[in-house]
1. How long is the gain from S330 to K216 if the chain were fully straight, where each residue apart is worth 0.36 nm and the alpha carbon distance is subtracted?
2. Less than 20 Å apart at the alpha-carbon level, and either on another chain or at least 8 residues along: which lysines does that give for K52?
3. Round to a whole angstrom and tell me the spacing of the C-alpha centers of the range 202-228 and the range 111-170.
4. Can you grab the distance from the C-alpha centre of the range 297-343 to the C-alpha centre of the range 74-88, Å, no decimals?
5. Can you put C127, C313 in order of Cβ neighbours within 10 angstrom, beginning with the fewest?
6. Find the Rg to Rh ratio for the chain, where Rh is the Kirkwood radius over alpha-carbon pairs and Rg uses the same atoms.
7. Order these by the 10 Å Cβ neighbour count, fewest first: T357, T135.
8. Within the range 187-211, find all residues whose amide N lies under 14 Å from a label point positioned 7 Å from the Cα of D224 along Cα-to-beta-carbon.
Amino acid sequence: MFRLLSKQPVFPKLSRSYIAGQFTGKPNANGKYTVTLIEGDGIGVEISQAVKDIYAAANVPIEWEPVDVTPLLIDGKTTLPQPAIDSVNKNLVALKGPLATPVGKGHTSMNLTLRRTFNLFANVRPCKSIVGYKTAYENVDTVLIRENTEGEYSGIEHTIVPGVVQSIKLITKPASEKVIRYGFEYARSIGKKHILIVHKASIMKLSDGLFVSTAKEVAKEYPDVTLDFELLDNTSLKLTADPSDYKDVVMVMPNLYGDIMSDLSSGLIGGLGLTPSGNMGNKVSIFEAVHGSAPDIAGKGLANPTALLLSSCMMLRHMSLNADADRIESAVLKTIASGPENRTGDLKGTATTSHFTKQVIANL
Ligand code: NAI
C-alpha cells in the first residue's frame, strides 16, 4: 500500500500499446455482418425499431443480434448477463439504445458496467450543424473525446461521518495515455491535426495535472499534430460564444468534463436527439446516442431516432461500410431539412417517430 507514496512512479513509462484496434470482424457466409443490438429502455425500443426498418429498406448487410442487458447482482456486483457479453465479444461491434440508471440507490449504471466490462476507454462525440435546421450557430463542427473508464466516474464514494461524504476522482497514467493516444490517432485519421486538452489542472493539480503531463509525453510521438491546453471554464465560455473556433481541433478531456461539454455541444446544434457517439475499446466498440431513455416521451411515438441512426453510421464507417453509412446519413439529413412536418417535436416539428422513419426510407 505504500507503493503509491514511493518516489518511484508506479507507471513510469508510456506503454505504446494502447491504440484501439481496427474492426477485424468478417462477414457471414451470406455476406452480412452480425451486430449486437441493445435496444435499451424508454424510447430505446422505438428508436431501435426505426434503425431496423431503415436498414432493412436500405439493404444494409447487417443482421441484428438482440441481447438482454437486465442487470444481475452477483456477489454484490452489478454484472451483465453472460449471453450479452458473449455476443459483443463474438461480433466485436454493438449498437446500443439508452439505458436508464436509478438515482441515488440500486444497481450500478449499466452504461458504466458496459464500458468497464469491455474496457471502452474512449468515447468519441462529433457534433455537426444540420444543414436546413436553423440554430443560433450555423457552422458547428466539433469533435470531443471523453475518457470513459475512470475520473469522477470511478464510483469510489464513502461516508466519513454522517453528513460528510467523500468521492474520489481517480486518474491513472495508463487510462489517460490510452484516451490521449487515441485522440492523436483519431485527429490524424480525420485530418484535424490539432489536439486540445481540456482540463482544470489549475485546481486539481495532481489528477488533471497527470492528464496534462501525459498528453505532453504522448505528443512527442506525433510531431505532425499540434498540442494545446485550455481550462474547462474557458472552453465553456469560448465554445458557446463562437463554436467555429473549435472547428479544426479534436478536444480530449477527463470523464465528467467530456460528459458535460458534449451535452453543451449538442445544445449548439439543436439538442440531444441529434448527437451520435462511439465507445472505442481495444477489441470491441459500442456505438450509442448521447441522450438517455427520455422517460417523459417514452411510448408516445415522439422520439427522434436521428442520434441512434447517426451513431449507427459511425459504426458502419468503423466497419468500412462507408457507402451504406453515406446513404443513410444523407437520407436522414435530407429528411430533417425537408421541413417541420417531417421533423420530430424536439426539432420543433410535428412528425411522429414512424412518420420520420418513413420519410427517411423515401429519401434513401
Ligand atoms: P434524457 O437524455 O433521457 O432526456 C433529456 C431531455 O431530452 C428530455 O426532455 C427528453 O425527452 C429529450 N430527449 C432525449 N432524447 C431524445 C430523443 N431521441 N428525441 C426526442 N427528445 C429526446 O436525459 P434524462 O431525462 O436526464 O435521463 C433519463 C434516463 O436516461 C436516466 O435514467 C439516465 O440515467 C439515462 N441516461 C442514459 C444514457 C445512456 O444510456 N447512454 C445517457 C444519459 C442518460
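1. Stretched out fully, the S330 to K216 stretch lengthens by 37.2 nm.
2. K32, K96, K300, K334, K358
3. Centre-to-centre (Cα) distance: 19 Å.
4. 30
5. So the ranking, lowest neighbour count to highest, is C313, C127.
6. Over the Cα atoms of the chain, Rg/Rh equals 0.96.
7. T135, T357
8. 187-194
Readers should treat all values here as calculations from the given coordinates under stated rules, not as data from a laboratory. All values derive from a computational prediction rather than experimental measurement. Neighbour counts are summed over all protein chains in view; Cβ atoms, including those assigned to glycine, are modelled from backbone coordinates with ideal geometry.
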